[in-house]
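Peer 1: Starting off with a structure, shown below.
The values are calculated or read from the model by the stated rules, or taken from the named source; none is laboratory data. Bear in mind the structure is a predicted one, so any value in this text is a computation, not a measurement. Here the Cβ positions follow ideal geometry from the backbone for every residue, glycine too, while neighbour counts run over all protein chains shown. Heavy atoms of the whole protein, side chains included, go into the accessibility calculation; ligands, DNA and RNA do not. Shrake-Rupley method; radii C 1.70, N 1.55, O 1.52, S 1.80 Å.
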Amino acid sequence: INHIVHNGELYKRPFNEAFEETPMLVAVLTYVGYGVLTLFGYLRDFMRQWKIEKCQNATEREEQKDFVPLYQDFENFYNRNLYMRIRDSWNRPICSVPGAKVDMMERVSHDYNWTFTYTGRVIKDIINMGSYNYLGFAQKAGACQEAAAKVLSQYGAGVCSTRQEMGNLDKHEELEKLVARFLGVESAMAYGMGFATNSMNIPALVGKGCLILSDELNHASLVLGARLSGATIRIFKHNNMQSLEKLLKDAIVHGQPRTRRPWKKILILVEGIYSMEGSIVRLPEVIALKKKYKSYLYLDEAHSIGALGPSGRGVVEYFGLSPEDVDVMMGTFTKSFGAAGGYIGGKKELIDYLRTYSHSAVYATSLSPPVVEQIITSMKCIMGEDGTTVGKARVQQLAENTRYFRRRLKEMGFIIYGNEDSPVVPLMLYMPAKIGAFGREMLKRNIGVVVVGFPATPIIESRARFCLSAAHTKEMLDTALKEISEVGDLLQLKYSRHRLVPLLDRPFDETTYEETED
């Protein structure tokens, strides 16, 4: 709270983001649970070694024992003995449009989730609380579907070439001009894959002799792109501006290791909405630091574009900032736009450079024409250029659904992470046994949820992650909330004591300042 007061002039709106402490007893029991599972895992491995229990996992053949091992047996310990017991909570096959409700193929396992058998039955009308369908454009009817079908009949499904060869269509040019106008930047470029937009473009922007300052909870695509670049990487605590500023000061004062030469570039990597925490980047403070220390800012708006801001233009609009203050604006079409691919927006010089030097631009096949048309139609709808107010209404509905759902969960006594305006809503489960139990119990009640555990989260912070959509009606949300409350009582998940700890008051470990070079 004090930190927000000190930097109050940077914020044009309230910024309410808090994380409740993990109860000590829950933390202890969670560690004990993992300890028991690990002991039983070693026991089962011993039984498999002596052929008492059938070994289902991949192992080396006897005649290849003297070769360099293909499988690191111990590395698969977690998958073998912990993940496998709750594997039925993931990779569930959907057989419908991933809208507000979905149809799911029923499957059963008779060998503790090593293999699955399909029963032939389809579970109908499951309320979908897991897809990134923020604005409800994942649908099989309506203007987007009709426009995509028309383009499919004219252009076909594939392009069969890169943009630099025979794969540059007029639709691609139209999309990029529209994206640039939507973002308020000079120019933009579209890519066929959201993950590759990060992992293949960061190496084109920085290299040896450059410094990357990356948030500790950045997405794997940003992490991979940073590693592939060859630049030095240093990590700052999640959304902690004191940690970021200390790294910036150290970088300016000390320069490169050994030579002490100044860094060629300093690039700050952040996300708009963090998809596991539900938190929103403190963008006004990041931009202030970026200007103060003359560094560059790379903003990943995969989850925030379309989902934040009065007109869905992302976290920059949400804080009332200028797009010119962000050097590289990255986002994806896979979430709010119900399509596929990603984009990078910025100054014309930046985009012209990437068209020549980005691996995604030079070697990757162009976006499919029907997918491009889906993006164009949905984006024009959000902008109101289709002659309706449907897009604006969807953005407003998502904001209302988000606040209502978060408020109700907190009132029930669950520990909820993140910002009050974030449509990503993590509900803390903590104990390993409750990960699978929560997913199964919710599916029994016709609610589809995503559950997440170690190693995707810290070992004691397993969670269920809900994603709100403008397509969710109040009746759907009330049904889901009723069932969540019932399962919460059944599994004793209502841990909250309503003692909220502001993000910057969380325990801060000085070891986060240790320099890590990749």
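For every residue, the table says whether it meets (1) within 27 Å of Leu135 (Cβ to Cβ); (2) in contact with a Gly (Cβ under 9 Å, 6 or more places away or on another chain); (3) modelled with pLDDT of 95 or more; (4) surrounded by 19 or more Cβ atoms within 10 Å (Cβ to Cβ).
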{"site": "Arg407", "(1), (2), (3), (4)": "yes, no, no, no"}
{"site": "Met412", "(1), (2), (3), (4)": "yes, yes, no, no"}
{"site": "Ser422", "(1), (2), (3), (4)": "yes, yes, yes, yes"}
{"site": "Val425", "(1), (2), (3), (4)": "yes, yes, yes, yes"}
{"site": "Glu441", "(1), (2), (3), (4)": "no, no, yes, yes"}
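Peer 1: Same structure again: Hey, among Val326, Val390, which residue is under 24 Å from the mean Cα position of the chain (by Cα) and not aromatic (Phe, Trp, Tyr)? It would help to see each step written out before you state the result.
Peer 2: On the way: Val390 fails: under 24 Å from the mean Cα position of the chain (by Cα).
Going through Val326, Val390 in turn, the sole match is Val326.
Peer 1: Please state which one of Gln139, Gln164 is modelled with pLDDT under 95 and either among the aliphatic types (A, V, I, L, M) or under 28 Å from the mean Cα position of the chain (by Cα) (or both).
Peer 2: Details: Gln164 fails: either among the aliphatic types (A, V, I, L, M) or under 28 Å from the mean Cα position of the chain (by Cα) (or both).
Only one candidate passes the filter, namely Gln139.
Peer 1: If Gly136 meets every condition in (1) open to solvent by less than 20 Å² (accessible area, probe 1.4 Å); (2) on the phi < 0 side of the Ramachandran plot apart from one, which number is that one?
Peer 2: Unmet for Gly136, out of (1) open to solvent by less than 20 Å² (accessible area, probe 1.4 Å); (2) on the phi < 0 side of the Ramachandran plot: (2).
Peer 1: Considering only the stretch 98-127, how many residues are among the acidic types (Asp, Glu) and at positive phi?
Peer 2: Restricting attention to the stretch 98-127, the residues satisfying the condition of being among the acidic types (Asp, Glu) are 103, 106, 111, 125.
In the following step, the residues that additionally are at positive phi were identified as 125.
Residues meeting the conditions: 1.
Peer 1: Leu308 is checked against (1) touching a Leu at 6+ places or on another chain (Cβ under 7 Å); (2) open to solvent by less than 10 Å² (accessible area, probe 1.4 Å); (3) closer than 18 Å to Lys12 by Cα and fails just one. What number does that condition carry?
Peer 2: That leaves (1) as the condition not met.
Peer 1: So Arg92 fits all but one of (1) surrounded by 18 or more Cβ atoms within 10 Å (Cβ to Cβ); (2) of a type in the set (D, E, K, R); (3) under 28 Å from Gly35 (Cα atoms); what number is the exception?
Peer 2: (3)
Peer 1: Here's a follow-up. Could you count how many residues in the stretch 257-287 are open to solvent by less than 40 Å² (accessible area, probe 1.4 Å) and not in a strand (DSSP E or B)? Steps first, answer last, please.
Peer 2: We begin by selecting, within the stretch 257-287, every residue open to solvent by less than 40 Å² (accessible area, probe 1.4 Å); these are 257, 263, 266-275, 277-287.
Retained after the next criterion (residues that are not in a strand (DSSP E or B)): 257, 263, 272, 274-275, 277-279, 281-287.
Result for the stretch 257-287: 15.
Peer 1: Anything in the stretch 184-197 that is touching a helix residue (DSSP H, G or I) at 6+ places or on another chain (Cβ under 6 Å) and within 28 Å of Leu152 (Cα to Cα)? List them, or say none.
Peer 2: Ser187, Ala188, Met189, Ala190, Tyr191, Phe195, Ala196, listed by residue number.
Peer 1: Scanning the stretch 467-494 for residues that are open to solvent by less than 50 Å² (accessible area, probe 1.4 Å) and touching a strand residue (DSSP E or B) at 6+ places or on another chain (Cβ under 7 Å), which turns out farthest from Gly306 (Cα to Cα)?
Peer 2: Filtering first and then ranking leaves Leu493.
Peer 1: Here is a further query. Restricting the stretch 154-200 to residues that are under 20 Å from Tyr353 (Cα atoms) and among the charged types (D, E, K, R), which is surrounded by the most Cβ atoms within 10 Å (Cβ to Cβ)?
Peer 2: Per the stated criteria, the residue is Arg163.
Peer 1: Identify the residue in the stretch 443-461 that is of a type in the set (Gly, Ala, Ser) and at pLDDT below 95 and, among all such residues, is nearest to the chain's Cα centre (by Cα).
Peer 2: The initial filter retains those residues of the stretch 443-461 that are of a type in the set (Gly, Ala, Ser), namely 448, 453, 456.
Okay, now just the ones that are also at pLDDT below 95, so 453, 456.
Working: Gly453: 15, Ala456: 11 Å.
Looking at residues that are of a type in the set (Gly, Ala, Ser) and at pLDDT below 95, I get Ala456.
Peer 1: Then there's this: Of all the residues that make up the stretch 198-244, how many are more than 14 Å from the chain's Cα centre (by Cα), touching a residue at least 40 places away in the same chain (Cβ under 8 Å) and in a helix (DSSP H, G or I)?
Peer 2: Summing the residues that are more than 14 Å from the chain's Cα centre (by Cα), touching a residue at least 40 places away in the same chain (Cβ under 8 Å) and in a helix (DSSP H, G or I) in the stretch 198-244 gives 12.
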